[in-house]
Amino acid sequence: MRIEGIRAVVTGGASGLGLATVRHLLDRGASVVAVDLATSPEIEALVGPSVSFVQADVTDEAAVHGALDVAEQDGPLRALVHCAGRGGDRTRIVDRDGQPGGLETFAEVVRVNLFGTYNVLRLAAARMSANEPVDGDRGACVLTASVAAFDGQIGQTSYTASKAAVHGITLVAARDLASRQIRVNTIAPGIFDTPMLGRLRSDIREGLAATVPHPKRLGSPDDYAQLAVALLENSYVNGETVRLDGAIRMAPR
Ligand SMILES: NC(=O)c1ccc[n+]([C@@H]2O[C@H](COP(=O)([O-])OP(=O)(O)OC[C@H]3O[C@@H](n4cnc5c(N)ncnc54)[C@H](O)[C@@H]3O)[C@@H](O)[C@H]2O)c1
């Protein structure tokens, strides 16, 4: 898919991986609607003729429709990059006192990360399916999992469940939407230098960077954005989850 001139929606676009993706798509000549729970100074600085911001919760059907309406104001929606998501609840299955972990936070993590993904995917794909195909595609979607989908750490059951499910639906979605000529791929990031990680002490961040085989650094949001754009562009990549992690394999804790 040619990026120049297309309309794209980026969820989680006010921060981190989503924000970098908005910048990359803009640099490549796309018009972008950034969707997030709240705006940020960084996305506000980009808002203009080619970038809009829409405040929306990705689990809210009406709110996502509103964002898609904005994206389709001047033409068809061709691309979705879904980055919105939250961290886990750090809950052990059985706690120190022998008590079972709660269900509520587990359900909330799955609701935001998995239901949110499915909600945005289904609503965006329905819009894309009405497009005229260009170079064989009516649209292309990139979802965001995590290496926790494969090497979940202790205390990550909810986060891993939500991200393994995003990986799991990727091939199904690609098969399901093949007749609509819409491609679906997923990026599984390793450890990225975003506000989600910014809460950690700098020595802990440095320790994490040292665990990456090569390159020995945290992933940068630009690494993610570059791959997201490549997955949109390359018409033969479909139904794939790509680990983007410097070859890291997470230890049990
Ligand atoms: N940073 C990492 O190391 C890392 C690693 C693996 C996977 N990921 C995944 O990458 C994605 C992006 O994370 P990030 O690191 O850029 O974090 P981030 O916190 O910088 O950005 C996530 C954005 O999603 C938004 N968001 C959360 N819930 C939302 C909702 N219900 N509706 C709309 N927006 C919502 C937040 O407001 C935030 O702006 C997430 O899905 C995360 O799980 C991140």
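Descriptive notes on the structure:
- Anisotropy class of the stretch 7-244 from Cα gyration tensor, a/c 1.5 cut: prolate
- GNM flexibility winner over the chain from Ala14, Ala45, Ala124 (Cα, springs under 10 Å): Ala45
- Net charge, Ile43 excluded, C-beta distance under 14 Å - Lys, Arg +1, Asp, Glu -1: -2
- Modelled label reach - Arg28, point 7 Å along Cα→Cβ, the stretch 134-172 residues with backbone N closer than 14 Å: 139-143
- Mean-position separation - Cα centroids, the stretch 165-198 and the stretch 22-89, in angstrom: 17 Å
- The residue among Val35, Ala149, Thr59 whose Cα reaches farthest toward the positive pole of the charge dipole of the chain, with charges on the beta-carbon of Lys, Arg, Asp and Glu, is Ala149.
- The helix-based estimate of mean residue ellipticity at 222 nm for the chain, built from -39,500 (n - 2.57) per DSSP H run of four or more residues and divided by its residue count, is -11000 deg cm²/dmol to the nearest 500.
- Springs join every pair of Cα atoms under 10 Å in this Gaussian network model of the chain, and among Leu208, Leu46, Leu200 the largest mean-square fluctuation is at Leu200.
- Virtual spin-label span in nm between Met196 and Ala45, 7 Å along Cα→Cβ: 2.2 nm
- Between Ala230 and Ala178, the C-beta separation translates, for a Förster distance of 22 Å, into a calculated FRET efficiency of about 0.60.
- Projected label points at Asp57 and Glu104, each 7 Å from Cα along the beta carbon direction, are separated by 1.5 nanometres.
- Taking Val58, Val134, Val112 and counting other C-beta atoms within 10 Å, the order from fewest to most: Val134, Val112, Val58
- Segment Leu37-Asp69, extension gain: residue separation times 0.36 nm, minus the distance between their alpha carbons: 9.8 nm
- Magnitude of the charge dipole, the chain, Cβ model with Lys/Arg +1 and Asp/Glu -1, debye to 20: 640 debye
- Considering the stretch 99-196, its Cα convex hull presents a mean projected area of 7.7 nm².
- Shown for Arg249, Arg199: other C-beta atoms within 10 Å of each C-beta, ranked fewest to most, produce the order Arg199, Arg249.
- Positive-pole candidate from Thr186, Thr160, Leu197, dipole of the stretch 151-248, charges at beta carbon: Thr160
- Listed by Cβ neighbour count within 10 Å, with the fewest neighbours leading, Cys83, Cys141 appear as Cys141, Cys83.
A short reminder: the numbers here are calculations on the coordinates, not readings from a lab. Because the structure is a prediction, the values reported are computed rather than measured. Heads up, the Cβs are rebuilt from the backbone with ideal geometry, glycines too, and the neighbour counts pull from every protein chain shown.
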